[in-house]
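To start, the structure itself, in structure tokens.
The values are calculated or read from the model by the stated rules, or taken from the named source; none is laboratory data. Note that this is a predicted model, so its numbers are computed, not measured. Cβ placement follows ideal geometry from the backbone for every residue including glycine, while neighbour counts extend to all protein chains displayed. Calculation scope for accessible area: heavy atoms of the full protein, side chains included, ligands and nucleic acids excluded. Shrake-Rupley method; radii C 1.70, N 1.55, O 1.52, S 1.80 Å.
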Amino acid sequence: SLASTAITCFTRGLDLRKETEDVLCPANCPLWQFYVFGDGVYASLSSVCGAAIHRGVITNAGGAVRVQTLPGQENYPAVNANGIQSQVLTRWASSFSVTRIKNTALESVGRSVSTARPSTGKRPKKPLDKKAGNKDCKADIAFLIDGSYNIGQRRFNLQKNFVGKVAVMLGIGSEGPHVGVVQASEHPKIEFYLKNFTAAKEVLFAIKELGFRGGNSNTGKALKHTAQKFFSLENGARKGIPKIIVVFLDGWPSDDIEEAGIVAREFGVNVFIVSVAKPTTEELGMVQDIGFIDKAVCRNNGFFSYQMPTWFGTTKYVKPLVQKLCSHEQMLCSKTCYNSVNIGFLIDGSSSVGDSNFRLMLEFISNVAKAFEISDIGSKIATVQFTYDQRTEFGFTDYTTKEKVLSAIRNIRYMSGGTATGDAISFTTRNVFGPVKDGPNKNFLVVLTDGQSYDDVRGPAAAAQKAGITVFSVGVAWAPLDDLRDMASEPRESHTFFTREFTGLEQMVPDVIRGICKDFLDSRQ
């Protein structure tokens, strides 16, 4: 029987169609990525080649295997054999066994290979700690599945199979990807959250149990709901990990999806669209917005859209999709102004300010800082106080949590002295922004002063801007408007703020935050 079907490392028993099938496993499959359940009798969820290596039928050099379909059972045991740790499964609907294929040309090839390389089950450098999952693929993913009448019950089940395969191949685990599922139909329904399951097999059971809802294909409504509600910390989203929504869409949406795409981008969510059976020429008249994919995805650069012709035979589409979802550096929408900026505050400690007004200045910078997601991989805050002299109160890398930053601001002591704002800007550009100038975050300097500077501010501010720092000037009381405008970045109107009284600083907080975010977005376009 030379008619063996070539399969991939990740083909599972349930992907094979015949009762008895002869297959050819490839060489050098990554052992740590195999999902195998049982020993001798394997749950059909298991990788066929993984089971064959586990059983000792072939080595990792690949070869021919005969796969026999068996009925389901309870309590598949976990056994470590030939470098593969199989897992426990309480029950599954079908099973299979693997045996050698006797006396074929293939077998003799297989044999000579295995004698050349003794089957010590050489483990790769990276055994996958099952509970931890695939640490190289950190992502929080919502699968937004299509539960509309467009897809229908039969294809809905094929969609569930596909999502299950993607979920397994991702390598779900406590330190790897976490997934949840939302069903889109007339009204969206969050089926399970990121925090509900952290093991692939639990997720598979949950997906298997999903019931088809039916109704219009209100994908826009579901996408907006998911972007706003799904990724909260209490629902299991993790800080600093890319948030992804994979939208599965059979045909086209019944509602408008553009606004939902905008909301998702504002929330720092990366939207992928997997479109299946896209509208034919005859159907285009029914589609209200032909460009619906481009409007919903994170970026219209080809990376975030994925097309499958039908729901049948989708196994070959699993791996390329998983590779996309694990490409951390491509997740362009994860960066929002809230988690990707360095903000340096330069505060006037001159004697004209006085102690109680100095406190109001500290309150102002606290309130601005509070709006940002401060962490070692997120936004960062630094503060310098100046008179004739300068004192770095803390730099960008000193505190990496919001609590510590706010407490450091509270503990700043008032210096009291003269006003040399120009020198202070030069000092801050060199000593505070210098160390981070090649980092990924966009740099902002907010200068707070209550009076005329004794030195020139225009030169130092121009140098700061040339070094890639956007400058906002905030003046109080006697600060001359000319100085404020000379320090501010272009367009000067939107980067200059002034209030007569220190108590007026509080009202400016939202405007300064909005200004920073607007500049951040403009710089990304």
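Could we say that residue 329 is part of a helix (DSSP H, G or I) and surrounded by fewer than 22 Cβ atoms within 10 Å (Cβ to Cβ) here?
yes
How do the pairs read when you match residues in segment 431-443 that are in the same structural domain as residue 377 (by the TED database) and of a type in the set (A, V, I, L, M, F, W, C) with residues anywhere that are surrounded by fewer than 18 Cβ atoms within 10 Å (Cβ to Cβ) and at pLDDT 95 or above, using Cβ under 8 Å and keeping only pairs 6 or more apart or on different chains?
Between residues of segment 431-443 that are in the same structural domain as residue 377 (by the TED database) and of a type in the set (A, V, I, L, M, F, W, C) and residues that are surrounded by fewer than 18 Cβ atoms within 10 Å (Cβ to Cβ) and at pLDDT 95 or above, the close pairs are 432/392; 433/467.
Which number in (1) within 22 Å of residue 133 (Cβ to Cβ); (2) at pLDDT below 90; (3) out of contact with any Cys (no Cβ under 7 Å at 6 or more places or on another chain) marks the one condition that residue 54 misses?
Only one criterion is unmet by residue 54, namely (2).
Of everything in segment 269-291 that's of a type outside the set (Val, Ile, Thr) and closer than 30 Å to residue 323 by Cα, which residue is farthest from the chain's Cα centre (by Cα)?
279
Which of the residues belonging to segment 345-369 are more than 12 Å from residue 506 (Cβ to Cβ), of a type in the set (Gly, Ala, Ser) and out of contact with any Gly (no Cβ under 9 Å at 6 or more places or on another chain)?
354, 356, 369
Would you check which residues across segment 360-419 are in contact with a Phe, Trp or Tyr (Cβ under 6 Å, 6 or more places away or on another chain) and part of a strand (DSSP E or B) and list them?
379, 380, 382, 383, 390 - these are the residues of segment 360-419 that are in contact with a Phe, Trp or Tyr (Cβ under 6 Å, 6 or more places away or on another chain) and part of a strand (DSSP E or B).
In segment 357-385, what count of residues is obtained for those that are modelled with pLDDT of 95 or more and not charged (D, E, K, R)?
Summing the residues that are modelled with pLDDT of 95 or more and not charged (D, E, K, R) in segment 357-385 gives 16.
In segment 311-367, which residues are among the polar types (S, T, N, Q), touching a Pro at 6+ places or on another chain (Cβ under 8 Å) and closer than 20 Å to residue 245 by Cα?
Result: 334, single match.
Which condition number does residue 265 fail, the rest of (1) open to solvent by less than 20 Å² (accessible area, probe 1.4 Å); (2) under 13 Å from the mean Cα position of the chain (by Cα); (3) at pLDDT 85 or above being met?
For residue 265, the failing item is (1).
Report, by residue number, each residue of segment 66-96 that is outside any strand (DSSP E or B), touching a Pro at 6+ places or on another chain (Cβ under 9 Å) and surrounded by fewer than 17 Cβ atoms within 10 Å (Cβ to Cβ).
Correct list: 88 only.
For segment 378-390, what are the residues that are among the hydroxyl-bearing types (Ser, Thr, Tyr) and under 34 Å from the mean Cα position of the chain (by Cα)?
Residues satisfying the conditions are 379, 383.
Please determine, by comparing only the residues of segment 65-101 that are modelled with pLDDT of 90 or more and small (Gly, Ala, Ser), which one is farthest from residue 161 (Cα to Cα).
97
From 62, 110, which residue is modelled with pLDDT under 90, farther than 18 Å from residue 12 by Cβ and surrounded by 14 or more Cβ atoms within 10 Å (Cβ to Cβ)?
None of the other options fit; the residue is 110.
Counting only residues that are open to solvent by less than 60 Å² (accessible area, probe 1.4 Å) and aliphatic (A, V, I, L, M), give me the strands (runs of 3 or more DSSP E) lying completely in segment 424-525 with at least 1 of them.
The qualifying strands (runs of 3 or more DSSP E) are 442-449, 469-476.
So, of the residues in segment 391-423 that are β-branched (Val, Ile, Thr), closer than 25 Å to residue 373 by Cα and open to solvent by less than 20 Å² (accessible area, probe 1.4 Å), which turns out to be nearest to the chain's Cα centre (by Cα)?
By that ranking, first place goes to 405.
Any idea how many residues of segment 6-40 are open to solvent by less than 50 Å² (accessible area, probe 1.4 Å) and farther than 23 Å from residue 322 by Cα?
Of the residues in segment 6-40, 5 are open to solvent by less than 50 Å² (accessible area, probe 1.4 Å) and farther than 23 Å from residue 322 by Cα.
Which members of segment 241-255 meet the condition of being of a type outside the set (Asp, Glu) and either under 30 Å from residue 134 (Cα atoms) or assigned to a strand (DSSP E or B) (or both)?
241, 242, 243, 244, 245, 246, 247, 248, 249
So which of 263, 271 is in a strand (DSSP E or B) and in the same structural domain as residue 182 (by the TED database)?
271
What pairs come out if I take residues in segment 468-483 that are touching a residue at least 24 places away in the same chain (Cβ under 8 Å) and hydroxyl-bearing (Ser, Thr, Tyr) and pair them with residues that are open to solvent by less than 10 Å² (accessible area, probe 1.4 Å) and in a strand (DSSP E or B) whose C-beta lies under 6 Å away, six or more apart or interchain?
As it stands, the answer is 470/444; 473/447, since those pairs meet every condition given.
Starting from segment 363-381, take each residue that is buried (at least 19 other Cβ atoms within 10 Å of the Cβ) and list its partners that are assigned to a loop (DSSP other than H, G, I, E, B) and modelled with pLDDT of 95 or more, counting only C-beta distances under 7 angstrom and pairs at least six apart or across chains.
Close Cβ pairs (under 7 Å, with a partner that is assigned to a loop (DSSP other than H, G, I, E, B) and modelled with pLDDT of 95 or more) amount to 380/396.
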